[in-house]
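Here is the structure we will look at.
The values are calculated or read from the model by the stated rules, or taken from the named source; none is laboratory data. The structure displayed is predicted, hence computed values, not measured ones. For neighbour counting, all protein chains shown are included, and Cβ atoms are generated from backbone atoms with ideal geometry for every residue, glycine included. Heavy atoms of the whole protein, side chains included, go into the accessibility calculation; ligands, DNA and RNA do not. Shrake-Rupley method; radii C 1.70, N 1.55, O 1.52, S 1.80 Å.
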Amino acid sequence: MFSTAIESVPSRTEDGAVNVFIETPKGSRHKYDLDSSGLFRIGLELPEGVTFPFSFGFVPNTLAEDGDALDIMLVTAGSVPSGALIESRLIGVLKMENDEDGKMARNDRVVAVANMSRIFGGTTTLSEMRDGFAWDLEEFFDTYNRMIERPFRIIGRGEKDEAMDMLEKAEARKREA
């Protein structure tokens, strides 16, 4: 599914940091996808005034319930380029559903903080982020799904322990696949 280089990257470092591979940088109006050849393709363009609030990517060598690698929204103070591999720590999860082939299916977004972040260096859980932070992200995903005319629903939020559980299950699914 992914290029050979990314397939060799473990989901976590020896120190336990979570590896996040960036597809779409913070501030981008374009949704980028890594194709099977290892090239980035523009998946869609967001409307004027709408940008990705944080970098979006995935954890290598994982398999989420939706059949793709585990999706990550990576919190950093600035943008990092597509193709960057960033060591991070999970802080929570935004629980969501969207339409997949006529049925509502879970498509959660794990939220992580880059380990190198100075501004978010002390943040360990989603609830420690500023008031309205999770709501802002949920509004982005609501707008995104309305734009592509895909039914969408917010289910709730979870903290670090739920995000870690999702990661461990996605790692196990990948090993079994």
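Data for the structure
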| item | result |
| --- | --- |
| Distance between the range 110-125 and the range 74-90 - C-alpha centres, whole angstrom | 10 |
| Selection from Leu70, Val80, Thr51, by position along the positive dipole direction of the chain (Cβ) | Val80 |
| Signed unit charges on C-beta, dipole axis of the range 121-177, positive-most listed residue Ala163, Gly132, Tyr144 | Tyr144 |
| Highest average packing first - 66-75, 28-37, Cβ atoms within 10 Å | 66-75, 28-37 |
| Portion, in percent, of the accessible area of the chain that falls on carbon or sulfur, probe 1.4 Å | 48 |
| Option label - P(r) over Cα pairs in 10 Å bins from 0, in percent computed here, alternatives (1) 10, 39, 40, 10, 0; (2) 9, 34, 32, 16, 6, 3, 1, 0; (3) 10, 43, 39, 9, 0 | (1) |
| 1.4 Å probe accessible area per residue over the chain, in Å² | 51 |
| Ranked packing of 82-89, 54-61, 111-118, 122-129, most packed first, by mean Cβ within 10 Å | 54-61, 111-118, 82-89, 122-129 |
| Test item: Cα-centred dipole of the range 29-166, Lys/Arg +1 and Asp/Glu -1 on Cβ, debye | 360 |
